[in-house]
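K.L.:
Take this structure, written in structure tokens, and hold onto it; I'll ask about it next.
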Amino acid sequence: MSHNDILKDLKKGQYHPLYFLHGEESYFIDILSDFIENQVLNESEKAFNQTIFYGKDVNHLAIVDTARRFPMMAPYQVVILKEAQDMKSLKELKTYIEKPSEKTILVICHKHKKFNLNSAFGKLLKKNALVFESKKLYDNQVPDWIQQYLSNKSLKIDPQASVLLGEYLGTNLSKVANELDKLAINLPKGTQITKQHIEENIGISKDYNVFELQKALGQKNVLKVNRIANYFASNPRKNPLPMVTASLYNYFSKMYMLKALKNAPEQEVMKALNLRSAFFLKEYRMAVRNYHLIEIEKTLDLLKEFDLKSKGVGYVSTGKKEGQLLKELVWKILH
């Protein structure tokens, strides 16, 4: 089941005695556990029937003892174990998991990593609990997730703007959601969000960002490249070189693939390059015309080299020196 499927059941009042939420992406785990914590019981019922534990502060005996109690003047009691990955005696909950109470909703939140469900304890969980694995999104999945998130708040977003947000905010969905909530608070419902809105409300420049830098490099627009590089050099904290090199490596890697797929059907090319629309494919086709294959290969080598330098391998990358590295990198790509 997806987290949306589980959430739909919860909203209908369809509860399971035992939930085991695990995985690398904390956001979906928080969404589900927060709903159960805030919505299953009303305020008067929570006083006697809701208990929150933290893994590093509790042992299995306290959880089992609490979960075995009967609810007082409420249909259920809710017991939530947060940060279960820090609980040393987690597997000692085996006896309870073998026969969970029908009058208790026990939620176990195991964050930051996937639990081994092939272990004896894991197999028991699969048998008796509703198990949900919260997986991190891939980079190319974030723009679509952003569109869906904003759609749920009655907002739309330009494809370029969603890619820009994805590039800058990364795959930490809690961070992304926090920034999107700023847009939802400040913009009226029905707004079509553009890069201008993002600059005004989040602070990511619509003109000086890595998305515009890779576009300018693709066009070999020397003036624009240098303007953006100078802006990045004067704002190194907002535009760290490792982030820039990673984005550019992804961009030129797709250009390299497009060279090999130049005669392939459009849909096949878009799938291979993980592109979301023909609009973005058009941009890559224009860039490919400006670079010979050997130039792309040399650029990929340069990006690897400067990525290592930005991380201190053969170069001290702090403050102004990181900006100098970026300027040197784009000069070498262009020349």
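K.L.:
Can you list the lysines whose alpha carbon is less than 19 Å from that of Lys103, not counting same-chain residues fewer than 8 positions off?
P.N.:
The qualifying lysines are Lys11, Lys12, Lys46, Lys94, Lys127.
K.L.:
Classify the range 172-300 from the C-alpha gyration tensor, please: rounded if a/c falls under 1.5, else prolate or oblate depending on whether a/b exceeds b/c.
P.N.:
It comes out oblate by the Cα gyration axes.
K.L.:
State the antiparallel share, in %, of DSSP beta bridges confined to the range 3-133, rounding to the nearest 5.
P.N.:
Around 5 percent antiparallel, to the nearest 5.
K.L.:
Something else: Show which aspartates and glutamates lie in cross-link reach of Lys99 when reach means a straight Cα distance below 12 angstrom and same-chain residues fewer than eight apart are skipped.
P.N.:
The qualifying aspartates and glutamates are none; the list is empty.
K.L.:
Next question, about the same structure. With Cα extents along the principal axes in Å as the read-out, I listed (i) 91, 49, 38; (ii) 57, 45, 41; (iii) 74, 47, 44; which label goes with the value calculated from this structure?
P.N.:
Identified label for the calculated read-out: (iii).
K.L.:
By a straight-distance test (C-alpha under 19 Å), which aspartates and glutamates pair with Lys156 as possible cross-link partners, with residues fewer than eight away in the same chain excluded?
P.N.:
By straight Cα distance, Lys156 reaches Asp144, Glu167, Glu179, Asp181, Glu199, Glu200.
K.L.:
Gap in Å between the Cα centre of the range 142-161 and the Cα centre of the range 11-53?
P.N.:
The range 11-53 and the range 142-161 have Cα centres spaced 27 Å from each other.
K.L.:
Also, I was wondering about something else. Test of understanding: ordering His335, His16 by Cβ neighbours within 10 Å, fewest first, what list do you get?
P.N.:
His335, His16
K.L.:
If we count every other residue with Cβ under 10 angstrom of Val78's Cβ, Lys/Arg +1 and Asp/Glu -1, where does the sum land?
P.N.:
For residues surrounding Val78, the net value is -1.
K.L.:
Mean 1/r over all different Cα pairs, inverted: what Kirkwood radius does the range 3-133 give, in Å?
P.N.:
14.6 Å
K.L.:
Further, regarding this structure: Considering Cα pairs under 8 angstrom that are at least six residues apart, work out the relative contact order of the range 1-113 and quote it in whole percent.
P.N.:
Averaging sequence separation for qualifying contacts and normalising by length gives 39 percent for the range 1-113.
K.L.:
Right, next: For the chain, what is the percent of antiparallel DSSP beta bridges, rounded to the nearest 5?
P.N.:
In the chain, approximately 5 percent of DSSP beta bridges are antiparallel ones.
Quick note: the coordinates plus some simple rules give every number you see, no bench work behind them. Just so we're clear, the structure is a prediction, and the values are computed from it rather than from any experiment. Methodologically, a virtual Cβ is constructed for each residue, glycine included, from the backbone with ideal geometry; neighbour enumeration extends over all protein chains shown.
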